[in-house]
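Worksheet: the structure to be examined is printed underneath.
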């Protein structure tokens with residue numbers, strides 16, 4: 001090997017929470033992680049070898065076998081599958097003469113299937129050596145591989161553009177550009193107030209978490225600030241990983257300083273000297289952009305010691321995931337940062353008192369933090385001037401699937417669904433179903449297009465708003481394929497800790513495969529319901545509790561889809 | 001005892017220590033709540049989701065994760081709970097290699113106990129069972145086997161090796177449905193850092209980690225392990241006139257249910273044909289069997305000839321503290337020398 005392993009380790013200190021960064025580094029250098037490397041990492045970080053091995057095998061982006069010099073990750077998430085991504089995968093396999101998960105004998109290419117790359121607005125998509133590309137179904141694999149074209153930031157729209165105004169309008173890593181567009185105004189105003197006043201302002205705004213759970217943000221900040229232990233940590237959860245969700249990617253790529261600003265505000269309010277941004281491993285380009293922005297912020301004195309001469313210290317570090325949706329669950333995310341397998345912890349105790357490294361931790365989604373920065377710049381009153389009483393402000397919606405212009409659309413809460421679709425140029429074809437809230441969400445019917453897109457408006461109709469996913473499926477699509485993609489997603493992403501989810505996601509997939517083959521019996525469907533309900537009631541964490549929600553909602557709305565339809569050509573698991 | 005907490009389980013009044021969880025309190029009172037991932041020696045993890053009970057008039061909580069509270073009314077079974085347990089167990093049993101008759105867990109299987117408690121329907125299970133090839137059994141360890149086809153991934157073995165033994169020989173590999181238990185780099189046990197203490201084997205709720213020679217015994221005899229001065233409490237399992245198994249005594253404060261490889265598996269010497277059962281005295285260059293009186297007399301006379309600093313005693317760590325005390329006393333008072341030493345000092 002060109003690089004001695006000890007040299008590679010020299011930039012680390014030997015802490016347990018460095019295990020995943022070291023594994024990333026080792027894989028980057030050697031294109032795989034060998035048993036020898038793992039043994040050395042274990043010795044270096046003072047943990048049993050079995051623990052490092054457990055971590056390396058948990059995350060799907062860590063490979064124990066050498067990968068090709070060109071590593072191709074093809075997305076088979078719901079939207080990419082709808083747009084023909086898995087058919088192209090078969091073409092690629094045939095062209096390269098390898099199956100997904102394998103490397104060509106000459107070591108040139110390796111192929112990997114990913115459950116979702118978060119590029120649903122650019123579907124069907126792939127990452128070629130970390131470069132996000134759109135798959136052109138009509139182009140021969142060879143010419144596609146030779147000249148992959150990097151995709152742009154993506155379509156943005158809506159009104160008012162409070163959070164996304166700078167996206168696409170500035171050079172994302174140019175601090176001056178950010179300044180010129182009111183950057184750090186919210187942070188400067190924050191520094192003029194006491195932490196308690198800042199928290200009160202966020203509480204007045206009525207901001208709720210944008211990761212999907214909609215927990216009141218101000219309350220979370222107050223709880224963390226009030227926890228007795230120190231130090232406190234703040235974490236930005238940039239691990240959006242659910243099919244149909246890509247808004248955080250657009251914010252990170254388009255306006256990374258805004259996230260840094262949100263974290264500075266939160267850090268100041270809570271009294272946390274250290275922040276982490278946990279970003280999913282499938283986001284190499286956003287990670288690079290964010291890293292550049294953090295370096296620029298350090299250079300300009302916005303991060304580090306005595307920020308802006310006001311005696312406030314704040315350090316910020318990026319931690320990359322490695323292919324595990326479960327790490328979006330806050331306690332699994334803590335485990336991941338601490339160098340463990342991403343398996344959730346039991347709550348209580350809650351993160352606000354016992355979070356990362358068992359210290360009080362405030363964890364917020366990317367969009368939540370950007371919104372906090374906007375609120376501090378413009379005030380809670382201004383924020384409440386749009387939206388509804390119970391869902392004030394604006395929201396980023398991820399429109400994908402069968403709409404004319406898939407992308408991120410920012411609008412006030414409460415916009416009727418059809419107006420939202422109109423922003424994206426309207427639907428393509430006739431609408432069959434709309435998946436709201438993402439893979440863990442539920443289906444809406446085409447006659448529900450007048451529903452207001454607010455937490456309470458959708459809740460009345462028994463639908464979730466979640467993280468703002470609006471995935472449109474037209475009548476040309478086989479709904480069973482969407483269900484299969486969801487079942488595959490959860491079977492792949494279950495961490496395996498609790499029995500109902502570990503087994504339920506697998507049997508759910510087994511039955512959906514039968515549905516797709518046209519072999520399902522009424523008994524199978526009863527079992528599907530029973531397994532789904534058990535996962536919902538008995539699973540350890542939110543992943544298992546929602547792993548059946550979309551499928552159960554489809555079963556309620558379209559029971560006929562689940563029984564006895566013969567297999568269509570070209571459909572495969 | 002810590003502060004007592006009074007509450008009811010299925011209407012029965014229970015008194016437990018504050019801080020205890022509902023499941024342990026139930027077990028202490030001989031009330032069975034199905035569970036597969038909990039062991040009283042380990043921190044609760046709430047993984048199997050079978051120990052769900054209803055409190056506060058219908059809210060389902062995992063009894064292993066929920067501390068006892070004054071006045072709560074715990075219900076251990078209801079149609080909702082039963083349905084949830086049955087669905088989980090059906091899926092679990094459908095992936096489990098069911099060869100109960102040949103299984104080394106024998107009558108000790110928690111999976112079988114839970115299945116019997118719930119009354120699982122075999123017909124329904126047949127439908128679910130995926131056609132998967134059996135994985136090879138790891139027979140590399142001299143004392144126990146690991147059969148991954150029977151493993152339910154409860155994690156008790158992993159946590160035992162981590163929390164009790166402090167070794168970390170075992171871990172989880174892969175994730176989700178593909179999660180398996182194994183050693184570093186998925187090596188056979190014998191090539192791993194495993195010290196064969198068998199702590200995981202003794203806690204495995206099914207037949208995945210099972211001794212090579214499991215025995216259902218006729219009776220057990222309480223005694224103290226002879227291997228070292230720690231004095232672990234053990235129960236020797238007896239069949240006919242043979243000792244066939246060793247089980248750790250959970251009540252003995254010395255070891256609280258733990259044993260090392262020697263204490264747990266090293267009992268073959270008891271019935272070994274090479275074992276000395278009579279003293280040997282060397283006569284004309286040959287060892288010949290002698291009676292105890294003759295042997296002791298010979299030692300006494302040689303000791304008498306060797307009093308003073310020409311004598312030294314080296315004691316063994318296999319002896320108890322009391323034995324070691326006596327040796328130094330004997331050496332000083334009877335043999336008249338301070339030449340006393342002990343192997344553990346080295």
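The values are calculated or read from the model by the stated rules, or taken from the named source; none is laboratory data. On a predicted model such as this, the values are computed, not experimentally measured, just so you know. For neighbour counting, all protein chains shown are included, and Cβ atoms are generated from backbone atoms with ideal geometry for every residue, glycine included.
Residues in the stretch A:215-232 that are within 13 Å of residue A:369 (Cα to Cα) and surrounded by 19 or more Cβ atoms within 10 Å (Cβ to Cβ): 4 in all. Considering only residues that are over 28 Å from the mean Cα position of the chain (by Cα) and crowded, with 20+ Cβ neighbours inside 10 Å, which ones fall in the stretch A:19-37? The answer is A:37, and nothing else. Of all residues in the stretch B:255-288, those being assigned to a helix (DSSP H, G or I) and either in contact (Cβ under 8 Å) with a residue 40 or more places away in the chain or surrounded by fewer than 14 Cβ atoms within 10 Å (Cβ to Cβ) (or both) number 7.
Among the residues of the stretch A:409-418, are any assigned to a helix (DSSP H, G or I), closer than 28 Å to residue A:205 by Cα and touching a strand residue (DSSP E or B) at 6+ places or on another chain (Cβ under 8 Å)? Yes, the conditions are met somewhere in the stretch A:409-418.
Only one of the numbered conditions (1) under 27 Å from residue A:539 (Cβ atoms); (2) surrounded by 21 or more Cβ atoms within 10 Å (Cβ to Cβ) is not met by residue A:353, and that is (2). For the stretch A:308-324, a residue qualifies if it is within 14 Å of chain B (Cβ to nearest Cβ) and out of contact with any helix residue (DSSP H, G or I) (no Cβ under 8 Å at 6 or more places or on another chain), and exactly one does: A:323. Among the residues making up the stretch A:169-220, a single one is touching a strand residue (DSSP E or B) at 6+ places or on another chain (Cβ under 8 Å) and over 21 Å from residue A:394 (Cβ atoms): A:191.
Based on this model, can you work out whether residue B:155 counts as at positive phi and in contact (Cβ under 8 Å) with a residue 24 or more places away in the chain? Against the criterion (at positive phi and in contact (Cβ under 8 Å) with a residue 24 or more places away in the chain), residue B:155 qualifies. Selection over the stretch B:159-183 of residues that are closer than 19 Å to residue A:503 by Cβ, under 21 Å from the mean Cα position of the chain (by Cα) and facing chain A (nearest Cβ under 8 Å) gives a count of 1. Residue check: is residue A:435 in contact with a helix residue (DSSP H, G or I) (Cβ under 7 Å, 6 or more places away or on another chain) and not in a helix (DSSP H, G or I)? For residue A:435, the condition - in contact with a helix residue (DSSP H, G or I) (Cβ under 7 Å, 6 or more places away or on another chain) and not in a helix (DSSP H, G or I) - is met. Restricting attention to the stretch A:64-89 and to residues that are free of Cβ contacts under 8 Å to residues at least 40 places away in the same chain and within 18 Å of residue B:178 (Cβ to Cβ), the residue that is farthest from the other protein chains (Cβ to nearest Cβ) turns out to be A:65. Give me the residue from the stretch A:60-85 that is part of a helix (DSSP H, G or I) and touching a strand residue (DSSP E or B) at 6+ places or on another chain (Cβ under 8 Å) and, out of that set, surrounded by the fewest Cβ atoms within 10 Å (Cβ to Cβ). The qualifying residue surrounded by the fewest Cβ atoms within 10 Å (Cβ to Cβ) is A:85. Being farther than 25 Å from residue A:155 by Cβ, in contact with a strand residue (DSSP E or B) (Cβ under 7 Å, 6 or more places away or on another chain) and at pLDDT 95 or above is a property that holds for residue A:362. Go through the stretch A:315-352 and report how many residues are over 19 Å from residue B:46 (Cα atoms) and out of contact with any strand residue (DSSP E or B) (no Cβ under 9 Å at 6 or more places or on another chain). So the answer is 5. The single condition from (1) within 9 Å of chain B (Cβ to nearest Cβ); (2) closer than 20 Å to residue A:561 by Cα; (3) at pLDDT 95 or above; (4) surrounded by fewer than 24 Cβ atoms within 10 Å (Cβ to Cβ) that residue A:521 fails is (3).
A quick yes/no check of all residues on (1) exposed (fewer than 11 other Cβ atoms within 10 Å of the Cβ); (2) without any contact (Cβ under 8 Å) to a residue 12 or more places away in the chain; (3) within 30 Å of residue B:225 (Cβ to Cβ); (4) out of contact with any helix residue (DSSP H, G or I) (no Cβ under 7 Å at 6 or more places or on another chain):
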residue: B:290; (1), (2), (3), (4): no, no, yes, yes
residue: B:297; (1), (2), (3), (4): no, yes, no, yes
residue: B:308; (1), (2), (3), (4): yes, no, no, yes
residue: B:321; (1), (2), (3), (4): yes, no, yes, yes
residue: B:326; (1), (2), (3), (4): no, yes, yes, yes
residue: B:330; (1), (2), (3), (4): no, no, yes, yes
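Taking the stated definitions as given, is residue B:39 touching a residue at least 40 places away in the same chain (Cβ under 8 Å), out of contact with any strand residue (DSSP E or B) (no Cβ under 9 Å at 6 or more places or on another chain) and away from chain A (no Cβ under 12 Å)? Yes, satisfied.
Tell me the residue from A:274, A:291 that is surrounded by fewer than 22 Cβ atoms within 10 Å (Cβ to Cβ) and over 24 Å from residue A:201 (Cα atoms), please. Matching residue, one of A:274, A:291: A:291. Candidates A:57, A:45: the one that is touching a strand residue (DSSP E or B) at 6+ places or on another chain (Cβ under 9 Å) and either within 14 Å of chain B (Cβ to nearest Cβ) or touching a residue at least 24 places away in the same chain (Cβ under 8 Å) (or both) is A:57. Note on the stretch A:478-518: residues that are more than 7 Å from chain B (Cβ to nearest Cβ) and over 22 Å from residue A:78 (Cα atoms) amount to 0.
Report whether or not residue A:145 is in a helix (DSSP H, G or I) and more than 18 Å from residue A:378 (Cα to Cα). Answer is yes for this residue. Per the listing B:199, B:195, the residue uniquely out of contact with any strand residue (DSSP E or B) (no Cβ under 6 Å at 6 or more places or on another chain), in contact (Cβ under 8 Å) with a residue 60 or more places away in the chain and within 14 Å of another protein chain (Cβ to nearest Cβ) is B:195.
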